[in-house]
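Asker: Provided herewith is a single structure, encoded as structure tokens, for subsequent inquiry.
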Amino acid sequence: NGNEVTNNYNVTKTMGTLTVTQCPISDTNVTVTLSATSYTYNGGSQIPTVTVKYGTTTLTSGTDYTITNPSDTTNVGTKTITITGKGNFGSTTTVTYAINRSATATASATNPTYNGSSQTGVSGSNVTWSGTTSGTDAGSYTAYATPTGNYAWSDGTTTAKTISWTMNTRAI
């Protein structure tokens, strides 16, 4: 008699013909959850565990659906996982998670003392430098440090920092 939704598939009867179609994996009765929705960059691959349920029943990966992970699961950015229905389930749905910058960039002045040779007046990690980072003569210099792609300053920002440094005079 007409249309009916039973378990995880649709049953439609029209003029004596019974049609059973796959339930879309994007159906409102299907929930997809991730073990985590954000990570901090650590240099390694980071992929959350995916759980797919139809109502209260946990579906089985490989039987009810397949997962396609993003091609880059290491670097900073928003990542998309695709879940494709299989068996009694059809179509696809997506979920996203984020890999955020690691707040470990550092930059500081070292202020060396003049010795007649070129010396570097700054130090840091996970940054690129511009401006004057080394000099030979005593005096004041300015360099600029910018966190590289997967890194940020300890406060989470990524704008260039000005590092003023001095080549100190040498005592006679």
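The values are calculated or read from the model by the stated rules, or taken from the named source; none is laboratory data. Note that the structure is a prediction, hence the values are computed from the model and not measured. Don't worry about glycine lacking a Cβ; one is built from the backbone with ideal geometry, like all the others, and counts go over all protein chains shown. Surface accessibility is based on the protein's heavy atoms, side chains included, excluding ligands, DNA and RNA. Shrake-Rupley method; radii C 1.70, N 1.55, O 1.52, S 1.80 Å.
Asker: With respect to Thr157, is the statement that it is outside any strand (DSSP E or B) and either at pLDDT below 95 or within 34 Å of the chain's Cα centre (by Cα) (or both) true?
Answerer: Numbers: outside any strand (DSSP E or B): yes; either at pLDDT below 95 or within 34 Å of the chain's Cα centre (by Cα) (or both): yes.
So Thr157 passes the test.
Asker: Could you list, in sequence order, the residues of region 60-102 that are touching a Gly at 6+ places or on another chain (Cβ under 6 Å), surrounded by 18 or more Cβ atoms within 10 Å (Cβ to Cβ) and outside any strand (DSSP E or B)?
Answerer: Listed by number, the list holds a single entry, Asp64.
Asker: Among (1) in contact with a strand residue (DSSP E or B) (Cβ under 7 Å, 6 or more places away or on another chain); (2) farther than 30 Å from Thr37 by Cβ; (3) open to solvent by less than 50 Å² (accessible area, probe 1.4 Å); (4) assigned to a loop (DSSP other than H, G, I, E, B), which single condition is Gly116 missing?
Answerer: (1)
Asker: Looking at this structure, is Thr162 of a type in the set (S, T, N, Q), part of a strand (DSSP E or B) and within 23 Å of the chain's Cα centre (by Cα)? Before the answer, list the steps.
Answerer: Working: of a type in the set (S, T, N, Q): yes; part of a strand (DSSP E or B): yes; within 23 Å of the chain's Cα centre (by Cα): no.
No, not satisfied.
Asker: What are the pairs with Cβ atoms under 6 angstrom where one residue, in region 72-88, is within 20 Å of Ala152 (Cα to Cα) and the other, located anywhere, is outside any loop (DSSP other than H, G, I, E, B)? Sequence gap at least six, or different chains.
Answerer: The qualifying pairs are Val76/Ile99; Thr78/Thr96; Thr78/Ala98; Lys79/Tyr97.
Asker: Need pairs with beta-carbon distance below 7 Å; first residue within 22 Å of Lys79 (Cβ to Cβ) and within region 50-63, second open to solvent by 70 Å² or more (accessible area, probe 1.4 Å); sequence gap 6+ or separate chains.
Answerer: These pairs meet every condition: Thr51/Thr33; Thr51/Thr58; Leu59/Lys53.
Asker: May I pose another question? Taking interchain pairs and intrachain pairs at least six residues apart, which have beta carbon atoms under 6 angstrom, with the first residue in region 15-38 and more than 24 Å from Thr78 (Cα to Cα) and the second in a loop (DSSP other than H, G, I, E, B) and open to solvent by less than 40 Å² (accessible area, probe 1.4 Å)?
Answerer: Close Cβ pairs (under 6 Å, with a partner that is in a loop (DSSP other than H, G, I, E, B) and open to solvent by less than 40 Å² (accessible area, probe 1.4 Å)) amount to Cys23/Asn8.
Asker: When you check Ala105 against the structure, is it surrounded by 17 or more Cβ atoms within 10 Å (Cβ to Cβ), touching a residue at least 40 places away in the same chain (Cβ under 8 Å) and hydrophobic (A, V, I, L, M, F, W, C), yes or no? Quick ask: steps written out before the conclusion?
Answerer: Values: surrounded by 17 or more Cβ atoms within 10 Å (Cβ to Cβ): yes; touching a residue at least 40 places away in the same chain (Cβ under 8 Å): yes; hydrophobic (A, V, I, L, M, F, W, C): yes.
Yes.
Asker: Only one of (1) of a type in the set (Ser, Thr, Tyr); (2) surrounded by 13 or more Cβ atoms within 10 Å (Cβ to Cβ); (3) modelled with pLDDT of 95 or more fails for Ser35. Which number is that?
Answerer: (2)
Asker: Now, a different point. Please determine, by comparing only the residues of region 136-153 that are closer than 30 Å to Val76 by Cα and among the hydroxyl-bearing types (Ser, Thr, Tyr), which one is most open to solvent (accessible area, probe 1.4 Å). Spell out the reasoning first.
Answerer: Of region 136-153, the ones closer than 30 Å to Val76 by Cα are 142-153.
Now restrict to residues that are among the hydroxyl-bearing types (Ser, Thr, Tyr): 142, 144, 146, 148, 151.
Details: Thr142: 54, Tyr144: 93, Thr146: 48, Thr148: 44, Tyr151: 47 Å².
Out of the qualifying residues, it is Tyr144.
Asker: Cβ-Cβ distance below 7 Å, separation of 6 or more or different chains: which pairs start in region 154-172 with a residue that is open to solvent by 90 Å² or more (accessible area, probe 1.4 Å) and end on one that is assigned to a strand (DSSP E or B)?
Answerer: Pairs found: Arg170/Thr113.
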